[in-house]
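Report on the structure given below.
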Amino acid sequence: MDDELSGNVSRELDEHLSACSACTREYRLLLIPKHIGRIIPALEPSPYFYRMLRARMQEEAQGVTIWQILLGLSRQVVPALAMVTLALLATFAYVQLRGPSPDVYQAYDMIFTTDRPQRMVIADHDEITDESVIDSIAEEEVQAAEPASVK
Ligand SMILES: [Zn+2]
């Protein structure tokens, strides 16, 4: 097809093709691109084509280098971040599993239930002064002492 065979080999091929239908078919199939190439007119690229192509190639080359730098960095940073995350998780797990965890809600509730009567007494007074606060605490202590004395 490309006229690269020597005379003898070319003659042998022609003899074989004249006798073998399978190879003739293969040969014709291989010739199709060459025929199409002859039919289609050659394209003339615009004068700006190579300039635009070169600009785009440079652009892509820069993009690739930046990407490669990021990729290289990520290869170093990601394992380090993974180790930090693992260490934090291990610390958290250790703190959580170290002993019986205090019930946060219960502690929260205790703070506010002990505080609540005192606050309600204070809220009864129009003015909140040092005296009123001391009065309310005294009242609360009296109220707290009463059930004990009844018992
Ligand atoms: Zn054949």
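Residues are listed down the side, and each one gets a yes or a no for (1) away from the ligand (no atom under 16 Å from the Cβ); (2) hydrophobic (A, V, I, L, M, F, W, C); (3) out of contact with any strand residue (DSSP E or B) (no Cβ under 8 Å at 6 or more places or on another chain):
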position	(1), (2), (3)
VAL9	no, yes, yes
LEU13	no, yes, yes
ARG25	no, no, yes
ILE32	yes, yes, yes
PRO47	yes, no, yes
MET57	yes, yes, yes
(message) Contact list please: Cβ distance under 8 Å, first residue in region 1-27 and of a type in the set (Ser, Thr, Tyr), second residue within 11 Å of the ligand (Cβ to nearest atom) and part of a loop (DSSP other than H, G, I, E, B), pairs at least six apart or on different chains.
(response) none
(message) Being surrounded by 10 or more Cβ atoms within 10 Å (Cβ to Cβ), touching a helix residue (DSSP H, G or I) at 6+ places or on another chain (Cβ under 8 Å) and either assigned to a loop (DSSP other than H, G, I, E, B) or aromatic (Phe, Trp, Tyr) (or both) is true for just one of TYR27, TYR50. Which residue is that?
(response) TYR27
(request) Kindly indicate the residue of region 31-47 that is of a type in the set (A, V, I, L, M, F, W, C) and loosely packed, with under 10 Cβ neighbours inside 10 Å and also nearest to ASP14 (Cα to Cα) among those meeting that condition. (result) ILE32
(request) Output the number of the condition that GLN62 fails; it satisfies all remaining conditions of (1) surrounded by fewer than 11 Cβ atoms within 10 Å (Cβ to Cβ); (2) within 16 Å of the ligand (Cβ to nearest atom). (result) (2)
(message) When the residues of region 1-24 are narrowed to those that are open to solvent by less than 90 Å² (accessible area, probe 1.4 Å) and part of a loop (DSSP other than H, G, I, E, B), which ends up nearest to ARG38 (Cα to Cα)?
(response) MET1
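The values are calculated or read from the model by the stated rules, or taken from the named source; none is laboratory data. For clarity, every value in this text was computed on a predicted model and none was experimentally measured. Positions of Cβ are generated from backbone atoms using ideal geometry, with glycine treated the same way; all protein chains shown enter the neighbour counts. Calculation scope for accessible area: heavy atoms of the full protein, side chains included, ligands and nucleic acids excluded. Shrake-Rupley method; radii C 1.70, N 1.55, O 1.52, S 1.80 Å.
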